[in-house]
Amino acid sequence: MSRTPSTMLELGTIAPAFELIDTVSGQTVSIDTFAGKKGLLVMFICNHCPFVKHVNDELVRLGENYVHADVGVVAINSNDADNYPADAPDKMKANAEALGYKFPYLYDSTQAVAKAYAAACTPDFYLFDEDRKLVYRGQLDDSRPENDIPVSGKDLRGAIEALLSGGDPSADQKPSIGCNIKWKPGAEPQYGKS
């Protein structure tokens, strides 16, 4: 199991635009879909990564808890589905439906969105404020598949709650750890790890 940390994109970075297909609804979802929201959570996940599988129940809870709140939630899979067929769009749809995701699950077939966000691992989390400035990036919580710490989502939830209440998320932000994004051959960015 590879252990790749998130790049910890600079706070204040403006959310890169995206326009991708939701594998469940077939609809196009863009950053503008979430216009008017107080925040936007962008999660880079996939189907097969043991780190994502470890937190999937909490991702479902996040979707349920914030679907009616003033924060948009979207998940993006940027893995190379040719070499990792478990992450193909049809499998993404089946996985999202089986788990009960309440948020769009988008496929980044060109991997351009992952590169724009400097995403490096799955899961990787980015929280933006109403001006689409990055206010949190990093881990969901301290739990990992190999430790005995319960999955709580406390780091990310704390950041979301601070944002929704008009405060600032804690500056103490730890990198997420997960499987590296599965880049297409020859497409691995400088910040990525194989």
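What follows is calculated from the coordinates using simple rules that are stated; it is not laboratory data. The model shown is predicted, which means the values in this text are computed figures rather than measured ones. In this analysis, Cβ positions are derived from the backbone assuming ideal geometry, glycine residues included, and neighbour counts consider all displayed protein chains.
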note = So, with points 7 Å from each Cα along the Cβ direction, the residue 165-residue 147 label distance in nm works out to 2.4 nm
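What does the extension gain come out to for residue 11 and residue 94, with contour length at 0.36 nm per residue minus their alpha carbon separation?
Numbers: separation 83, 0.36 × 83 = 29.88 nm, distance 3.43 nm.
Additional length available on full extension: 26.5 nm.
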request  = Springs between alpha-carbon atoms under 10 Å, Gaussian network over the chain: tell me which of 175, 50, 145 tops the mean-square fluctuations.
outcome  = 145
request  = At most 14 other Cβ atoms within 10 Å and a DSSP loop assignment: could you name the GluC sites (Glu not before Pro) in segment 1-90 that fit?
outcome  = 10
inquiry  = If the only charges are +1 at each Lys and Arg Cβ and -1 at each Asp and Glu Cβ, what is the size of the charge dipole of segment 4-180 around the Cα centre, to the nearest 20 debye?
reply    = 60 debye
query = Rounded, prolate or oblate: which one fits segment 28-75, using the alpha carbon gyration tensor with axes a ≥ b ≥ c (rounded when a/c is under 1.5, else prolate when a/b beats b/c, else oblate)?
reply = oblate
request  = Give the distance, in whole Å, between the Cα centre of segment 48-64 and the Cα centre of segment 78-137.
outcome  = 12 Å
task = Give me the percent of DSSP beta bridges within segment 4-180 that run antiparallel, rounded to the nearest 5.
result = 70 percent
inquiry  = Within 10 Å, Cβ to Cβ, of residue 23, how many net charges do the neighbouring residues add up to if Lys/Arg are +1 and Asp/Glu are -1?
reply    = -1
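Report the net charge of residues surrounding residue 10, where surrounding means a beta-carbon distance below 11 angstrom and charges are Lys +1, Arg +1, Asp -1, Glu -1. Before the final figure, lay out the partial values.
Details: positive: 133, 137; negative: none.
Neighbourhood net charge equals +2.
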remark   = Expected max-MSF residue from 88, 69, 15 in the GNM of the chain (alpha carbon, under 10 Å) is 69
key: Along each principal axis, Cα extent of segment 1-55, largest first, Å   = 38, 32, 17
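Taking neighbour counts of Cβ atoms within 10 Å as a proxy for exposure, in what order, fewest first, do 54, 68 appear? Before the final figure, lay out each step's value.
Values: 54 18, 68 8.
Final ranking by Cβ density, sparse to dense: 68, 54.
Using the scaling law 2.2 N^0.38 Å as the reference, what is the normalised Cα Rg of the chain? Mind dumping the intermediate values first?
Working: Rg = 15.1 Å, N = 194, 2.2 N^0.38 = 16.3 Å.
Computed over Cα atoms of the chain, the ratio equals 0.93.
In the structure displayed, which of 53/91; 37/184; 133/184; 37/91 lie more than 22 Å apart, Cα to Cα? Don't jump to the answer; show the numbers that get you there.
Working: 53/91 14 Å; 37/184 33 Å; 133/184 29 Å; 37/91 30 Å.
Correct reply: 37/184; 133/184; 37/91.
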query = Build a GNM of the chain with springs between Cα atoms under 10 Å: which of 135, 67, 55 gets the top mean-square fluctuation?
reply = 67
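So how do 122, 23, 7 line up by other beta-carbon neighbours within 10 Å, fewest first?
Numbers: 122 30, 23 22, 7 19.
Listed from fewest to most nearby Cβ atoms, that is 7, 23, 122.
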